[in-house]
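Inspection log for the structure reproduced underneath, given as structure tokens.
The values are calculated or read from the model by the stated rules, or taken from the named source; none is laboratory data. Every value quoted in this text rests on a predicted model; they were computed, and no experiment measured them. Virtual Cβ from ideal backbone geometry, glycine too; neighbours counted across all protein chains shown. Only protein heavy atoms, including side chains, enter the accessible area calculation; ligands, DNA and RNA are left aside. Shrake-Rupley method; radii C 1.70, N 1.55, O 1.52, S 1.80 Å.
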Amino acid sequence: MKRVFADDHYLAQWPTNLSFAKGLAKSPVTSVSWFAAEAYCEWKGKSLPTTDQWEYAASESGKDAEKMKEKILAWYERPTKAKIPPVGSGSVNRFGIHDLFGLVWEWTLDFNGLIQSAEARESGSKDTNQFCGSGSLGALDPTDYASFMRYSFRNSLKANFTVASLGFRCAREAP
Amino acid sequence: MRYPNSWNQVKRLSALIAFILAGASNAPAGDNDQKNLDEQIKGEERAVLTDAPNVPPAITRKNATKVIVHLEVKEVEGEISSGVRYVFWTFGGKVPGKFIRIREGDLVEFHLDNHPSSKMPHNIDLHAVTGPGGGAASSFTAPGHSSVFSFKALNPGLYIYHCATAPVAMHVANGMYGLILVEPKGGLPKVDYEYYVVQGDFYTKGKNGDKGLQPFSMVKAIDERPDYVVFNGSTSSLLEDRALPVKAGETVRLFIGNGGPNMTSSFHVIGEIFDRVWPEGNTNTVTENVATTMIPAGSAAIVDFKVNVPGNYVLVDHSLTRAFNKGALGMIKASGEENKLVYSGKISDEVFLPEGSGIRVADQKSAKAPVATSKVERVAAGRAVYAANCAACHQSNGEGIPHAFPPLAKADFLNADKLRAIKVVTGGLTGKVTVNGQEFNGVMPAWSLSDEDIANVLSYVYASWGNSGKEVTAQEVKANRVKVGAKGQVVE
Ligand SMILES: [Cu+2]
């Protein structure tokens, strides 16, 4: 991969760009850049979900919301394990969506609030206003640390970055 | 506890000289900044960074230089208290982060490296940096990445640094803080020992003492209800064989910080008076003869004192339930010759036991302790009970202290009779007792530990230090325990 499209950790857990360890067959793909993730989704006729779509899908309601928040926080605070558990092994939420929490971070289409210039953005211009700029409800609640963590994680990225705990899922309009 | 305060004299003298040089006019604020900004940079070096309680060597350079600092952020699981695990987020692998020592006027090239296994992005806000965010904006770093920024050290002093990534309070609550000393030109006065200590408050899902991996509790953090308040990231980091060693008659300096995130520290060393304190890390203003100094969260102080008499000096946050119930305890161990004039030592001792004081409520909560299913498990669990409740007197090696606390290692009294040992621990022991030929005449309180905990601790003691290896079960404890009434009196 060209350096502009992915950094040096690209698929670091794979021995070569085209092969992976057997034990990883069921685990989510991580250490991929935004470019690679979005290209994959487009190839499948889909695209990365926007941050708003992702956050909506992940939003919890009802009496289990508090417990869920605790679980999410406990997962976020632990360092990344070498082997990520298989896809589908995490929890299912009220929309029937699997593994939003508990396996990996996920790329979103507009991960840093600026779709157009994602790759050109300077680190010096990062601004916490972007946390709120995407219009998410969750991030505005100062007692919801998990949302803050998600937003600051996304905010630390550039489109060519790859991270051992960062994977993706694709989305498409419902028919 | 005073010794010639040459530093003060030097300072007064240099202030006088500066006064004369300045043509008798008061220098406007920021003047010193300009001087430091203008100071020419000569050469380049890589900063020596140390883990607490160690401090890098004093700077002897007479010029400003370019200092390269590499600080690696790592998220690591560690022990906050005996048997209690916690995921710490660290600057350099430990809590507190590495001590950074530079000189006023230095140009610092700062590399913040975030380890690839990190789950979180992190950054650093050094209170020694002037500029928006103290470096935070330019050091925001994703896992597996590295950021570089530079700053000129304009203001001398001792400063905290910390992570400032949202949610900031959580990053700090997980241990992301440390100290940076910007040494004034000419340095600090010489002392014999320098040590590095940082206080922090921790919030866990379980209560104080609940074993196992404890996640961070956001609710308790927001309510400012810490389960642990500790020095250097754990309840035992400065105790027993990790106590800070010094020699009586010599001078000690503590660089003491408070990472918070929430609690202000009333820092005190029991049995000492600080000869000099630079409050809030301000190296321009020294005060003298202070017993307890206030250290705000996100701040630091430098304290110097001479240890006149050998013995143990206990570091505490003098908000005392933090010290005695939450872990804010440390120790300085001074070896050397007694000085009976300064301190007589104990002149006489008689047992004083008012009604109700005979029972000691154990430090360890036993309600949730898992039940041991094998002798191996018993012994392992007993080790933690011992460390928390018994080691203070009988010592972690079981040797006890001559004339005060009898040995449990190779102890004939203990090995002779298992049921008697159960009675001793559940009912306490006073009066003369002979252990390994030595006579003791002290008081051991009765322990309000559960059957399970007592079985575990005795099995551990029997399995250790050349003892007979007997196992004690919870049933045996139940059947043989001495019943102690609410007022501490023996009922049976
Ligand atoms: Cu951090």
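Length, then width, then depth: along the principal axes, the Cα atoms of the range B:217-350 run 51, 44, 25 Å.
In the range B:208-284, the C-alpha radius of gyration followed by the widest Cα-Cα span (Dmax) gives 16.0, 47 angstrom. Taking all protein chains as they are arranged and a probe of 1.4 Å, the heavy atoms of A:Trp14 leave approximately 60 Å² accessible to solvent.
Rg ratio for the range B:417-474: its Cα radius of gyration over 2.2 N^0.38 Å, N being its residue count, equals 1.16. Pairwise Cα distances in the range B:46-89 exceed 17 Å in 57 percent of cases.
Taking every residue in A:144-156 and counting other chain Cβ atoms within 10 Å of its Cβ, the average works out to 5. Taking 50 Å² as the minimum loss, tell me which residues in the range B:160-188 lose that much accessible area going from the chain by itself to the full protein complex (1.4 Å probe). Correct list: B:Ala166, B:Pro167, B:Met170.
Taking the inverse of the mean reciprocal distance over all distinct Cα pairs, the Kirkwood hydrodynamic radius of the range A:27-108 comes to 14.1 Å. Using the empirical formula 2.2 N^0.38 Å as the baseline, the Cα radius of gyration of chain B reaches a ratio of 1.11. Across B:Glu44, B:Glu471, B:Glu337, B:Glu79, the residue with the most accessible area heads the list, and the full order at a 1.4 Å probe is B:Glu337, B:Glu44, B:Glu79, B:Glu471.
Accessible area per residue was computed with a 1.4 Å probe on protein heavy atoms; B:Leu458 scores about 10 Å². Label-to-label distance, A:Ala65 versus B:Gln438, with points set 7 angstrom from Cα along the beta-carbon direction: 6.3 nm. For B:Ile59, B:Ile102, the ranking by accessible surface with the largest value first comes to B:Ile59, B:Ile102, using a 1.4 Å probe.
Surface burial for B against A, with a 1.4 Å probe and both sides summed, reaches about 2500 Å² of accessible area.
Shown for the range B:83-218: lysine pairs separated by 8 or more places, or found on different chains, whose C-alpha atoms are under 27 Å apart, numbering 14. Entry note, chain B: the mean residue ellipticity at 222 nm calculated from DSSP H runs of n ≥ 4, each adding -39500 (n - 2.57), is -5500 deg cm²/dmol after division by the residues and rounding to the nearest 500.
Both the radius of gyration and Dmax for the range B:192-240 are 12.9, 44 Å, in that order, over alpha-carbon atoms.
Residue by residue along B:137-148, Cβ atoms of other protein chains within 10 Å of the local Cβ number 6 on average. Quick one: Karplus J couplings for the range A:80-97, per residue in order, coefficients 6.51, -1.76, 1.60, θ = phi - 60°, nearest Hz, x for Gly and Pro? Whole-Hz 3J(HN,Hα) from phi for the range A:80-97: 5, 7, 4, 10, 8, x, x, 4, x, 8, x, 8, 10, 9, 5, 8, x, 8.
The accessible-area ordering, largest first, of the residues A:Glu173, B:Glu338, A:Glu77 stands as A:Glu173, B:Glu338, A:Glu77, per a 1.4 angstrom probe.
Separation of the range A:31-81 and the range B:152-190, taken as the distance between their Cα centroids, equals 35 angstrom. Over the range B:74-223, accessible surface divided per residue gives 27 Å², non-protein components excluded, 1.4 Å probe. Accessible area per residue was computed with a 1.4 Å probe on protein heavy atoms; B:Lys220 scores about 30 Å².
Extent of the range B:250-318 along its three principal axes (Cα atoms, max minus min coordinate, largest first): 35, 26, 15 Å. So what is Rg over Rh here for the range B:94-193, counting just Cα atoms and using Kirkwood for Rh? That ratio is 1.00, to two decimals. Modelled spin labels at B:Phe324 and A:Ala174, positioned 7 Å past Cα toward Cβ, are 6.2 nm from each other.
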